[in-house]
Amino acid sequence: SKSLFNVSKRYISVGETIPHANLKLVEWKNGEYATTVLDSHSAFANQRVILIGYPGAFTPSCENVHLPEYIKRAAELKADGTDKIFAMSVNDPFVVGAFAKKLEAGDAITWIADGNGEFTKALDAGVDLSGAALGYRSRRFTMIIENKKVVEFNDEKGPQMTDLSRVVSVLTQLGKLKKKK
Amino acid sequence: MRSTLRLMQKLKVGDKLPAANVHIGVPPVAVNFAEKFGKGRVLVFGVPGAFTPGCTKTHLPGYVKDSAKIRAKFGVNEIVCIAVNDVFVLEAWSMKYDPKQTVTMVSDAVADFATKSGLKVDLPVLGGIRSSRFALIAEDGVVKNLFEEPDGKGLSCSLSESLLAKL
């Protein structure tokens, strides 16, 4: 029920620049996942990227529906000018690495382990899932970001998974972006 | 006044187990820690993080391997692992590293047990306050033995082999 989830009234908007925050990135390198630290402006500069927000590693929708289809169609998503797919959650880098391994994601996704919720808070993309024994988490959303500016923002405004979050929606939006150019 | 002072002190031998709000299982069931584990003898060990190296390669496997010895020697009915992780993460970790589920995983997702017991450590690399690494034996809700790693995360006095050797 809606009362379980407190969602911020202020969301980042299309046209805004991604806020500055320090990111813990978990990436596939030489057959394993390694963690590095990079600030968000460096991470998103001079590229078009997709940013997926998801409530929790190993939670049912994230594990069984949401992430797998992005992993499966990563090559399509990255074709023609999209440089990277980022996925963020309020989880530590060890949990994220284990999750990525379980999903057999390889190098399809660059994972943001936002263990202290710093980046989630900066984006104002959080939701209180204490009622579901999860605490402060990222909402489910996808963004298309071009050189640090948000060009598309598909926000579920909560943890739920609807058609809005399906990979097909993002592919359609990417298709429209390419046509503009 | 006295009870307020107690709240700020760390859990020690002779204290009651904290009445902390935790969750067990998927889907999560909310339990009161003191009520749930307050009867008979129980061993509880705390880990800073599921899937982190020390917890995964040493601490948990030790208790899984020594489960029967621990139960026999210390007369405990249950071996409990508590961590500031959610139930989904703990279940995935448990399924991978304790497939026979010899250890009961308890999710202290909002660090209620860690805060109330004082058995906590701040680990920025993980994102904040976590359970410290410890092992305790309680009988009818009262702590009889307690070993907390001096730095909160080392691998020494809280390991199963250490308890088996010392107690």
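The values are calculated or read from the model by the stated rules, or taken from the named source; none is laboratory data. Model, not experiment: these values are computed from the prediction. Here the Cβ positions follow ideal geometry from the backbone for every residue, glycine too, while neighbour counts run over all protein chains shown. For accessibility, only protein heavy atoms count, side chains too; no ligands or nucleic acids. Shrake-Rupley method; radii C 1.70, N 1.55, O 1.52, S 1.80 Å.
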Query raised in the report: Does A:Ile145 satisfy being under 27 Å from B:Val26 (Cα atoms) and part of a strand (DSSP E or B)?
Result: no
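Which residue is most open to solvent (accessible area, probe 1.4 Å), if the candidates are limited to the range B:96-116 and must be within 11 Å of chain A (Cβ to nearest Cβ) and in a helix (DSSP H, G or I)?
Ranking the candidates gives B:Lys96 first.
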Report task. Output the strands (runs of 3 or more DSSP E) that fall wholly within the range A:38-123 and possess 1 or more residues being within 14 Å of chain B (Cβ to nearest Cβ) and surrounded by 17 or more Cβ atoms within 10 Å (Cβ to Cβ), or say none. Result -> A:82-89, A:110-113
**Report entry** Residues (β-branched (Val, Ile, Thr) and in contact (Cβ under 8 Å) with a residue 40 or more places away in the chain) located in the range B:116-144
**Finding:** B:Val121, B:Ile129, B:Ile137, B:Val142, B:Val143
Query - Restricting the range A:124-155 to residues that are among the hydrophobic types (A, V, I, L, M, F, W, C) and open to solvent by 10 Å² or more (accessible area, probe 1.4 Å), the residue that is farthest from the chain's Cα centre (by Cα) - result: A:Ala132
Query raised in the report: Limited to the range B:35-64, what total is found for residues that are under 12 Å from B:Cys81 (Cβ atoms) and open to solvent by 10 Å² or more (accessible area, probe 1.4 Å)?
Result: 4
